[in-house]
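Trainee: Dropping the structure in here first, questions after.
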Amino acid sequence: MLAAALLCTVSGIQAGAPKPPKGFRLASDLEMWRLGPIDHMDVDYEVTLVKDQVRVETRVEFVAREDREWKAKKPSKPKHSIFLGHATGTWSMGVGARVEDGWIHGWDMGEFGGALYWFSKGGETYKKIDGRNTVAVTATSEGVFAFQSLAHFMFRYSRFIKLEKAKGAWQARLVTDLHDCPQAILFTGKRFLYVGPEYVSTMKLDGTQRLVYRSPREMRAGGIYQRRNGEVWIGNSRSVLCLSPKGNGEFKPYWFRPVKPR
């Protein structure tokens, strides 16, 4: 029985395990731990969904495809270019979280700056809300929320905020601080999932955070998506992680490694 169980695990057909992406196989936590610290020479994988099916690409392949698709759309010239400190952010009509009087959009340029801005419905006017690096802005049934973070040498912050309108202007209100800077963020309809350097946590809209998975190895997230069956897929350095739902907000982790590592 033990031999059969081991055979199933090694072959990637462990009972209840999600189907491996093309070119990948199931890997154990021990194997992941043995990969050691993340190195800048590692191959990073990006996860996306195509018709609810998992697509895995190297980051190089992902960026090249995104660039081709963007050019094929023949995008119009951005409506606004905004200087963010040491870099310039561009904005086009319809970009950002839709609000009653326009859009709210943020930029994260890392060490080169970032900010959070409001744009009017027609896009003619805009106003700065906050000067911090803003990773993601999401409009929910309970209001508009955003993650802000920066980790550069001695400069570090990570915040979860709510955008509220007061006296005719949008303002940022701190909901809670985070334990570390999020690498990837997903809104599931009721709560957020965010990936930290060595863990995945949930963030409720009231600021309550809960650890749902701690990784045996440092993470460098490359995309986070949820399939219709509830599976959450996350790209990573030399691997891909799937969090399979168990009910009551719990997940079971499954790691996948390329059959032929690059």
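The values are calculated or read from the model by the stated rules, or taken from the named source; none is laboratory data. As the structure is a prediction and not an experimental result, all values here were calculated from the model. Glycine gets a Cβ as well: all are built from the backbone with ideal geometry, and neighbour counts include every protein chain shown. Quick note on the areas: whole protein, heavy atoms, side chains included, nothing else; ligands and nucleic acids left out. Shrake-Rupley method; radii C 1.70, N 1.55, O 1.52, S 1.80 Å.
Trainee: Given the options 152, 80, 105, state which has the largest fluctuation in a GNM of the chain using a 10 Å cut-off (strictly under) for Cα springs.
Mentor: 152
Trainee: Okay, next question. With the contact rule set at Cα under 8 Å and sequence spacing of 6 or more, what percent relative contact order holds for the chain?
Mentor: Over the chain, the number comes to 18 percent.
Trainee: On to the next question. Can you work out the accessible area per residue across segment 121-262, with the rest of the protein chains kept in place, probe 1.4 Å, in square angstrom?
Mentor: Per-residue accessible area for segment 121-262 comes out at 49 Å².
Trainee: Another question, then. Could you check which residue among 70, 118, 233 shows the biggest mean-square fluctuation in a GNM of the chain with a 10 Å Cα cutoff?
Mentor: Top of the fluctuation ranking is 70.
Trainee: Another one. Once you've got the GNM for the chain with C-alpha springs shorter than 10 Å, pick whichever of 89, 223, 247 has the biggest mean-square fluctuation.
Mentor: So, out of 89, 223, 247, the one fluctuating most is 247.
Trainee: So which GluC sites (Glu not before Pro) in segment 121-221 are both in a DSSP loop and have at most 11 other Cβ atoms within 10 Å of their Cβ?
Mentor: 124, 142
Trainee: Continuing with this model, one more query. So what's the angle, to the nearest 10 degrees on a 0 to 90 scale, between helix 59-72 and the longest Cα principal axis of the chain?
Mentor: That helix lies at roughly 50 degrees to the long axis.
Trainee: Among the listed pairs 22/260; 73/128; 22/246; 79/127; 51/73, which are separated by more than 18 Å between their Cα atoms?
Mentor: Where the Cα-Cα span goes over 18 Å, the pairs concerned are 73/128; 22/246; 51/73.
Trainee: Which value, in Å² and to the nearest 10, is the accessible area of residue 225 when all protein chains are kept and the probe is 1.4 Å?
Mentor: Approximately 90 Å² for this residue.
Trainee: Quick one: pull the percent of accessible area on the chain belonging to carbon and sulfur, 1.4 Å probe, ligands and nucleic acids left out.
Mentor: C and S fraction of accessible area: 54 percent.
Trainee: If I model a spin label as a point 7 Å beyond the Cα along the Cα-Cβ vector, how far apart are those points for residue 199 and residue 52 in nm?
Mentor: For the pair residue 199/residue 52, the computed spacing is 3.3 nm.
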